[in-house]
Protein chains: 2
Amino acid sequence: MSQRNTGVTPQFIEEACPIVEVLDHVAGKWAIGIIVAAARGPVRFTELERTVNGISRRMLTLTLRKLERDGLLVRTVYPTVPPKVEYSLTDIARELHESLSLLVDWAERHRGTISAARRSYDTAAAS
Amino acid sequence: MSQRNTGVTPQFIEEACPIVEVLDHVAGKWAIGIIVAAARGPVRFTELERTVNGISRRMLTLTLRKLERDGLLVRTVYPTVPPKVEYSLTDIARELHESLSLLVDWAERHRGTISAARRSYDTAAAS
DNA sequence: CAGCATCCATGGCGATACTG
DNA sequence: CAGTATCGCCATGGATGCTG
């Protein structure tokens with residue numbers, strides 16, 4: 001992401017390559033999990049913490065903010081005691097979710113094949 | 001990826017969450033670029049180096065190896081001088097490419113909306 | 001409950017020089 | 001041409017303790 005010593009700025013790359021740009025926002029390892037989790041309705045913070053496997057509180061917060069900033073998530077605060085916050089997908093995020101579902105389907109379909117390929121690659125390398 | 005101090009091993013998370021598993025392999029910032037580039041036919045190393053915007057030689061090599069290991073890419077070496085190596089997609093990678101195309105389409109469609117959302121979020125924060 | 005602040009380890013990744 | 005080897009920075013992300 002940082003090209004300090006070249007003339008190529010990160011900005012230039014982002015402009016030039018929408019693919020990279022999107023993926024840097026969506027593919028942050030946790031983002032998809034959150035989007036999928038929020039897809040079937042508003043979700044609360046703690047709910048996400050339990051649902052998204054292995055995420056830390058810090059990363060959950062950071063990722064939520066990023067997604068909110070990108071206009072993929074709406075954050076609704078209920079001024080109750082104790083506080084209650086709900087996150088829900090925006091329209092464009094719901095659209096994104098459909099594409100992601102295909103990806104997830106693909107993953108599940110080929111999971112076996114992939115790990116088999118990996119095993120065979122590794123044993124071949126151990127020649 | 002490392003949960004050293006908890007009882008939760010990386011293995012467990014990978015088992016439990018195919019989504020994360022796939023994305024860790026596919027969403028490595030460069031993988032998609034490479035897959036898209038290789039989608040219309042066999043590509044050579046240097047060709048990829050030029051095509052995939054901003055990638056370093058090191059990361060290109062590493063990502064290619066990873067994709068080959070996962071059975072998404074086939075590496076063909078022509079024993080000529082100078083050497084010639086071609087990378088082409090496997091069937092499951094071609095399938096993946098279709099899903100990725102949808103993602104890329106989505107990205108291009110909403111690029112403007114997203115950066116607008118980001119700007120508005122940032123100005124609101126500068127209150 | 002929801003989240004921010006701080007500290008700290010790891011490794012992702014770029015730059016670069018060398019090789020068959 | 002198509003890599004491999006080495007070095008070093010800094011971003012990612014976990015752990016943890018504090019707050020409205």
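The values are calculated or read from the model by the stated rules, or taken from the named source; none is laboratory data. Note that the structure is predicted; figures quoted are calculated from it, not measured. Because the Cβ atoms are built from the backbone with ideal geometry, glycine has one as well, and the counts that use them run over all protein chains shown.
Of the residues A:LEU72, A:LEU102, A:LEU96, which single one is closer than 26 Å to B:HIS97 by Cα, facing another protein chain (nearest Cβ under 10 Å) and surrounded by fewer than 19 Cβ atoms within 10 Å (Cβ to Cβ)?
A:LEU102
Those residues that are over 18 Å from the mean Cα position of the chain (by Cα) and of a type in the set (A, V, I, L, M, F, W, C), I need them from the range B:75-127; list them, please.
Result: B:VAL77, B:VAL81, B:VAL85, B:ILE114, B:ALA116, B:ALA117, B:ALA124, B:ALA125, B:ALA126.
Kindly provide the set of residues from the range B:46-61 that are within 16 Å of B:SER88 (Cα to Cα) and within 16 Å of the chain's Cα centre (by Cα), ordered by number.
Matches in the range B:46-61: B:LEU48, B:GLU49, B:THR51, B:VAL52, B:LEU60, B:THR61.
Check B:MET59 against each of (1) within 13 Å of DNA strand C (Cβ to nearest atom); (2) at the interface with chain A (Cβ under 8 Å from one of its Cβ atoms); (3) farther than 27 Å from A:HIS97 by Cβ and name the one condition it does not meet.
(2) is the only condition that B:MET59 fails.
So which residues in the range B:75-127 are among the β-branched types (Val, Ile, Thr), in contact (Cβ under 8 Å) with a residue 12 or more places away in the chain and assigned to a helix (DSSP H, G or I)? Can you show your working first?
Step one: of the range B:75-127, the residues among the β-branched types (Val, Ile, Thr) are B:76-77, B:80-81, B:85, B:90, B:92, B:104, B:113-114, B:123.
In the following step, the residues that additionally are in contact (Cβ under 8 Å) with a residue 12 or more places away in the chain were identified as B:76, B:85, B:90, B:92, B:104.
Within the range B:75-127, B:ILE92, B:VAL104 meet the criteria.
Please work out which residue is nearest to B:ARG44 (Cα to Cα), limiting yourself to the range B:75-93 and to residues that are more than 16 Å from DNA strand D (Cβ to nearest atom) and surrounded by 13 or more Cβ atoms within 10 Å (Cβ to Cβ).
Going through the range B:75-93, the residues more than 16 Å from DNA strand D (Cβ to nearest atom) turn out to be B:90-93.
Then drop every residue that is not surrounded by 13 or more Cβ atoms within 10 Å (Cβ to Cβ), which leaves B:90, B:92-93.
Values: B:THR90: 16, B:ILE92: 20, B:ALA93: 17 Å.
Restricting to residues being more than 16 Å from DNA strand D (Cβ to nearest atom) and surrounded by 13 or more Cβ atoms within 10 Å (Cβ to Cβ), the top hit is B:THR90.
For the range B:24-49, enumerate the residues that are charged (D, E, K, R) and at pLDDT 90 or above.
Hits for the range B:24-49 are B:ARG44, B:GLU47, B:GLU49.
Restricting attention to the range A:113-122, does a residue exist that is over 27 Å from B:ARG69 (Cβ atoms), within 11 Å of chain B (Cβ to nearest Cβ) and in contact with a His (Cβ under 9 Å, 6 or more places away or on another chain)?
no
Could you tell me which numbered condition A:GLY71 fails, if it satisfies all but one of (1) more than 16 Å from DNA strand C (Cβ to nearest atom); (2) part of a helix (DSSP H, G or I)?
It fails just one condition, (2).
Of B:ARG50, B:ARG40, which residue is surrounded by fewer than 14 Cβ atoms within 10 Å (Cβ to Cβ), within 14 Å of chain A (Cβ to nearest Cβ), more than 8 Å from DNA strand D (Cβ to nearest atom) and farther than 20 Å from A:TYR121 by Cβ?
Among B:ARG50, B:ARG40, only B:ARG50 is surrounded by fewer than 14 Cβ atoms within 10 Å (Cβ to Cβ), within 14 Å of chain A (Cβ to nearest Cβ), more than 8 Å from DNA strand D (Cβ to nearest atom) and farther than 20 Å from A:TYR121 by Cβ.
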